[in-house]
Amino acid sequence: MNNLGTRNSELETLKIIAVIPARYAASRFPGKLMQILGDKTVIATTYQNVVETQLFDEVFVATDSEIIFEEITKIGGKAVMTGEHETGSDRIAEAVQNIDCDIVINVQGDEPFLKTEPLKQLIQVFKNDVDKEISLASLKIRLKEKEEIENPNNVKVITDLQNFAMYFSRSVIPYPRETSVEHLYYKHIGVYAFRKEALLKFANLAMTPLEISEKIEAIRYLENGMKIKMIETDFIGVGIDVPEDLEKAKAILNNETKAS
């Protein structure tokens, strides 16, 4: 078999898993993952939606909370207990270190409406990356409303001309000093796709100054000189960071129920 054939065979056999990091004591909205959304909790909704995409060889929740562990196992889901961690990626790294896999998708537990298509887009990044030049990919979506652009709960991202992230911030970036051009703003959706070895490397790096300042884990990669490929999506959902977001999520669920 030639080199191209070997590469294609490797791509076809990529083992891809999804892990949902979940902690109970969120600082801005403690217990948010156990809030009721429709007829299920937020974390159960997220877990079941990821399983239903049928994109993954395995899906499980990684948590340090016995409450969340029991919530997932009682619905027949898979969950593992981890130690305490500052970031979801650190938690996932502990959970997958002894699991045989190639690609790990980090789906935030507070993103209950993530759809199949953006997850497919992330997976495709690695299927296209035959030379294994990309170790991490993530999602961004266009922001248009002034209120959403200025909201510090929305992490903004700017990229270079090849769509690699240059910086993430809770502040408004880019700053619109020049008024004669259109300014494009993008929200970072906290869904990461890692090569397993990159995830384990991340977990062995100390938290960095800008990461600590902004409370954005992706910055740790940038501060250590690593690249993050950003994929633009039109996925519209809601990350549940504060109680007001839960009300938005309920409204989305109600609209989807009425439409079906």
>> Condition (residue is under 13 Å from Ala193 (Cβ atoms), at pLDDT below 95, touching a helix residue (DSSP H, G or I) at 6+ places or on another chain (Cβ under 6 Å) and part of a loop (DSSP other than H, G, I, E, B)) applied to the range 117-130: is it met by at least one residue?
In response: no
> How many residues are touching a residue at least 60 places away in the same chain (Cβ under 8 Å), more than 19 Å from Thr82 (Cα to Cα) and either open to solvent by 50 Å² or more (accessible area, probe 1.4 Å) or in contact with a strand residue (DSSP E or B) (Cβ under 7 Å, 6 or more places away or on another chain) (or both) if we restrict to the range 23-37?
Replying inline: 2
> Of the residues that make up the range 170-177, is at least one within 16 Å of Ile20 (Cα to Cα), among the polar types (S, T, N, Q) and loosely packed, with under 13 Cβ neighbours inside 10 Å?
Replying inline: no
> What is the residue count in the range 226-241 for residues that are among the β-branched types (Val, Ile, Thr) and more than 14 Å from Glu148 (Cβ to Cβ)?
Replying inline: 4
>> So, in the range 73-106, how many residues would count as being assigned to a helix (DSSP H, G or I) and within 21 Å of Gly190 (Cα to Cα)?
In response: 9
>> Looking only at the range 175-229, filter to residues that are among the acidic types (Asp, Glu) and in contact (Cβ under 8 Å) with a residue 40 or more places away in the chain; which one of those is farthest from Gln97 (Cα to Cα)?
In response: Glu214
> If we keep just the residues of the range 184-213 that are open to solvent by less than 50 Å² (accessible area, probe 1.4 Å) and over 30 Å from Thr116 (Cβ atoms), which is nearest to the chain's Cα centre (by Cα)?
Replying inline: Glu211
> Quick one: in the range 149-174, which of the residues that are in contact with a His (Cβ under 9 Å, 6 or more places away or on another chain) and of a type outside the set (A, V, I, L, M) is modelled with the lowest pLDDT?
Replying inline: Asn154
> What number of residues within the range 58-72 are out of contact with any helix residue (DSSP H, G or I) (no Cβ under 6 Å at 6 or more places or on another chain) and in a strand (DSSP E or B)?
Replying inline: 2
> When only residues in the range 109-168 that are without any contact (Cβ under 8 Å) to a residue 12 or more places away in the chain and charged (D, E, K, R) count, which is surrounded by the fewest Cβ atoms within 10 Å (Cβ to Cβ)?
Replying inline: Asp131
>> Looking at the range 38-57 only, could you name the residues that are open to solvent by 50 Å² or more (accessible area, probe 1.4 Å) and part of a strand (DSSP E or B)?
In response: Lys40
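The values are calculated or read from the model by the stated rules, or taken from the named source; none is laboratory data. Everything numeric here is computed off the predicted structure, so don't read it as measured data. With ideal geometry, Cβ positions are generated from the backbone for all residues, glycine too; neighbour counts draw on all protein chains shown. What goes into the accessible areas is simple: the full protein's heavy atoms, side chains included, and nothing from ligands, DNA or RNA. Shrake-Rupley method; radii C 1.70, N 1.55, O 1.52, S 1.80 Å.
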